[in-house]
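The structure under discussion appears below in the form of structure tokens.
The values are calculated or read from the model by the stated rules, or taken from the named source; none is laboratory data. From a predicted model like this one, the values you see are computed outputs, not experimental measurements. Neighbour counts are summed over all protein chains in view; Cβ atoms, including those assigned to glycine, are modelled from backbone coordinates with ideal geometry. Heads up: the accessible areas ignore ligands, DNA and RNA and are worked out on the full protein's heavy atoms, side chains in. Shrake-Rupley method; radii C 1.70, N 1.55, O 1.52, S 1.80 Å.
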Amino acid sequence: MPIVTERDAQERLRSLVQQCKTRLGIDRMPSYEGPNHPLALLLNIEIREQQGVLHGGNYIPGELPYITIDPYVSSPERLNFTFFHEVTHHLLRGDGELYGFLDDHAPTKFGRVLEDYCNIGAAEFLIPYADVKAIFRSKGFSMGLLPELDASYPASRPAIAIQMAQCAQHQCVVIICEQKMLSQQDGTLIPGGFVADQNPSLVATYSSSSPSFQYRSGINVRIPPDHIISSVYTQKTCLRGKAAIPVHSGRQWIVDCDAIYYVGKVYAAFNVTSPPSLDQPAFNFLD
Ligand SMILES: [Zn+2]
């Protein structure tokens, strides 16, 4: 099927991931298993383990493409997510039509769009779209479902949160926030120029917009202390309320926020439109 819209592009990416999984016979909870990972053999890419790789992993295209990965990163879930993110870089490179579409139609900078798609691909490896869709159909959309999904899919919480955004029918952006020391390497631009942190601050480290929401929010955005996400983090609780979507420009776009604290991080959905209620037949549409 030709790629005409972003939804087509996302659909193509999901099918590329599914093809890999089918060919490898992997279904539930694949994980990084070292440089001889069967995916590397299938895709003919080399995996080089290396300590201190920027952002935990990197994909180097070329005649002999390879992935560098830091196996000593903080958590296995991060390692898993990074590995499948880098594999998705390779899948995107290998599909000229999809890669070209993203280059031509990137709503923001191409590099950022590419990273978003690699996160979507990683999420698809780790938690299938169809499973999350089915859960939303029976329970509706809420960030409160994340711990339940995590119990069934312990591979990666960022993957679950990103897949939740991808499966949302309404316009929303899902953001993951954690304490982090921002450095020059994060390339963060804030009004007035870059200021490196002296102490860790609460920062948005992943963000993913639902397919019907055309805007993207930034990563490495500091969360203001008076923001609902900061309250959720310090109180280790869950809260709902009106709050501004965290963006680098500081622009105030205030929408309904549904945020939970879970295992050291805050997972927040900014609902620009309301999630379909279970009484509405919204899920009867083909998707
Ligand atoms: Zn990347």
Checklist entry - Carbon and sulfur: what percent of segment 51-187's accessible surface (1.4 Å probe)? => result 51
Next on the checklist: If you count only protein heavy atoms and use a 1.4 Å probe, how large is the accessible surface of Tyr215, to the nearest 10 Å²?
Outcome noted: 120
Checklist entry - In the chain, which whole DSSP H runs stretch at least 18 Å along their own axis (Cα) and average -0.5 or higher on the Kyte-Doolittle scale? => result 76-93, 110-126
Next on the checklist: Could you report the accessible area of Ser142 in Å², rounded to 10, computed with a 1.4 Å probe on the protein chains as they sit in the structure?
Outcome noted: 30
Checklist entry - Of the peptides 97-105, 164-172, how do they stack up when ordered by the mean number of other Cβ atoms within 10 Å, highest first? => result 164-172, 97-105
Checklist outcome for this item: Over the chain, the sum of -39500 (n - 2.57) across DSSP H runs of at least four, divided by residue number and rounded to 500 deg cm²/dmol, gives at 222 nm -11500 deg cm²/dmol
Item to check | Dipole magnitude of the chain, debye to nearest 20 (Cβ charges: Lys/Arg +1, Asp/Glu -1, about Cα centre) | outcome: 580
Checklist entry - Would you list Val132, Val4 from the most to the least accessible area, probe 1.4 Å? => result Val4, Val132
Checklist outcome for this item: Rh (Kirkwood, all Cα-Cα pairs) for segment 55-104, Å, reads 11.7
Item to check | Rounded accessible area per residue of the chain, 1.4 Å, Å² | outcome: 47
Item to check | Square roots of 5 times each gyration tensor eigenvalue, C-alpha, the chain, largest first, Å | outcome: 28, 24, 19
Next on the checklist: Within segment 3-19, name every residue whose backbone N is under 14 Å away from a label modeled 7 Å from Cα of His105 along the Cβ vector.
Outcome noted: 3-14
